Amino acid sequence: MSLIIGVLKEKDDKRVAITPDNIKRSKLKEAQWWIENGAGEESGFADQVYVSPTLIKSRQEILQQADIVVSVFPPPESEFGSIRKDSLLISQFRPYQDETIQAKLANQSFRAISMDMIPRTTLAQAMDVLSSMASIAGYKAVILAAQQLPRYFPMMITSAGSIRPAKVLVIGAGVAGLQAIATSRKLGAIVEAFDVRSAAKEEVQSLGAKFVEVEGAKDDKGAGGYAVQQSEEFLARQRAEVQARATKSDVIICTAQVRGRKAPVLIEAATIPQMKHGSVIVDLAASTGGNCALTENGKTIVVNGVTIIGDSRLEMDMPEDASQMYGNNVLNLLTHITKDGALNLRMEDEIVKGSLIKA
Ligand code: NAD
């Protein structure tokens with residue numbers, strides 16, 4: 001019997017976990033791909049684009065019969081009971097944000113792998129959904145800001161006079177921040193960036209941006225590439241430094257996050273009235289509280305002429321490429337956890353150990 005891999009339609013997302021192109025490139029030649037009807041419609045992949053041997057199936061058929069069920073976000077808890085015993089559900093469970101998820105999974109009879117818990121090692125890079133989605137969000141944040149800004153990004157020398165380039169400040173130079181820097185630079189802006197990880201300095205500089213250093217950052221090499229919580233004294237000094245630069249910036253892209261914690265507030269409410277009229281803040285850390293004190297998650301507000309966009313879901317606005325990338329990450333994981341056409345979960349494997357949140 002060949003392995004049945006079922007792909008669910010998302011409830012609240014335009015993306016689909018596996019695209020027709022992903023399946024075409026898949027190394028799992030023996031597998032049967034079952035796609036829930038309409039699953040790819042909103043990302044540009046209608047049912048008829050999932051050509052044979054892919055089969056279009058109902059949600060119930062997939063939940064009840066597939067060996068592996070794949071989605072971008074998990075199905076609602078009310079459907080957990082319909083999922084086949086001993087099958088494997090692969091999704092983004094975000095256990096570092098949702099403390100209840102592990103308890104909800106504990107008494108289910110299926111297994112679960114959380115794509116967002118795959119260790120961020122070199123070996124697992126091709127499965128890293130956090131990076132692929134953050135990279136889209138960083139790009140989109142700059143495009144949104146450019147659209148909103150009443151000024152040019154690049155320097156312009158025209159017969160109607162010269163226009164100076166926009167100044168962009170990027171807070172947090174991880175995956176999203178580095179992509180925001182690269183995109184802003186391509187659009188011709190002058191860019192400076194903050195981070196607390198010393199490794200970020202060289203990456204920022206290699207993209208042609210200035211790295212702003214605040215002395216005394218705690219940097220833990222053992223934190224798996226992540227930032228660690230900074231002292232209140234350090235954050236106060238950093239806020240003062242951010243404020244001095246924010247008042248000269250046209251655009252601020254906020255991406256600073258500390259995994260499993262509230263995002264550090266680095267732009268105080270008092271900074272906003274001192275910023276240039278028309279400037280734009282895009283806060284990608286909105287869902288964990290935001291780097292700007294005034295950010296409202298899921299909302300765009302205007303305060304003293306400054307537009308503050310609070311959105312941590314920007315990758316959802318680019319569903320075609322986001323699906324393609326997410327699907328590639330999933331396929332790379334599937335190749336890693338299957339052997340000779342069957343599931344082969346090796347419990348001692350670092351990737352399985354890190355991401356199997358329900359065995
Ligand atoms: P993230 O989304 O958790 O955080 C975004 C950025 O905010 C990080 O760079 C972090 O250092 C920064 N930050 C936190 N507090 C800050 C503060 N007070 N001021 C300024 N910046 C602050 O992180 P991420 O982007 O998902 O990943 C961060 C890093 O992890 C990557 O840049 C990379 O070095 C590493 N990583 C490694 C791999 C790999 O080896 N395969 C994969 C992905 C990420």
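Some points to look at:
- For peptides 181-187, 253-259, sequence by mean Cβ density within 10 Å, most packed first: 253-259, 181-187
- Estimated distance in nm for a label pair at Q147 and K262, the labels positioned 7 Å out from Cα along Cα-to-Cβ: 3.1
- In terms of accessible area, using a 1.4 Å probe and ignoring ligands and nucleic acids, D283, D12 rank largest first as D12, D283.
- Gained length - A160 relative to M1, 0.36 nm times residue gap less alpha-carbon distance: 50.1 nm
- A dipole drawn for the chain from +1 and -1 charges on Cβ atoms has a positive end, and of F153, V129, S323 the residue lying farthest that way is F153.
- Ranked packing of 116-127, 95-106, 65-76, most packed first, by mean Cβ within 10 Å: 65-76, 116-127, 95-106
- FRET E, pair E215, E296, Förster distance 35 Å, beta-carbon r, rounded to 0.05: 0.60
- Protein accessible area in the range 85-134, 1.4 Å probe - carbon and sulfur %: 49
- Label zone of E350 (point 7 Å out along Cα→Cβ, amide N under 19 Å): in the range 106-142 this covers 114-132.
- Exposure check, 1.4 Å probe, all protein chains in place: F110 carries approximately 0 Å² of accessible surface.
- Per-residue extension of 0.36 nm, minus the Cα-Cα distance of F73 and A359, leaves a gain of 101.1 nm for this segment.
- Other residues lying with their Cβ under 11 Å from the Cβ of A223 contribute a combined charge of +3, Lys and Arg counting +1, Asp and Glu -1.
- Solvent-accessible area, 1.4 Å probe, carbon plus sulfur percent, for the range 202-350: 48
- Heavy atoms of K57: accessible area, 1.4 Å probe, square angstrom to 10: 40
- Across the protein chains, with a 1.4 Å probe defining accessible surface, the residues R313, R261, R245 rank R261, R313, R245 from largest area downward.
- Between E61 and A236, the contour length at 0.36 nm per residue exceeds the Cα-Cα span by 57.5 nm.
- Each part gets one Cα centre, and for the range 18-55 versus the range 65-125 those centres are 21 Å apart.
- Checking the cross-link pairs K27/K104; K14/K140; K186/K210; K14/K339; K11/K104; K27/K358 against a 24 Å limit on the alpha carbon distance flags K27/K104; K14/K339; K27/K358 as lying beyond it.
- Solvent-accessible area per residue for the chain (1.4 angstrom probe, square angstrom): 45
The values are calculated or read from the model by the stated rules, or taken from the named source; none is laboratory data. Model, not experiment: these values are computed from the prediction. Using ideal geometry, Cβ is built from the backbone for each residue, glycine included, and neighbour counts are taken over all protein chains shown. Surface accessibility is based on the protein's heavy atoms, side chains included, excluding ligands, DNA and RNA. Shrake-Rupley method; radii C 1.70, N 1.55, O 1.52, S 1.80 Å.
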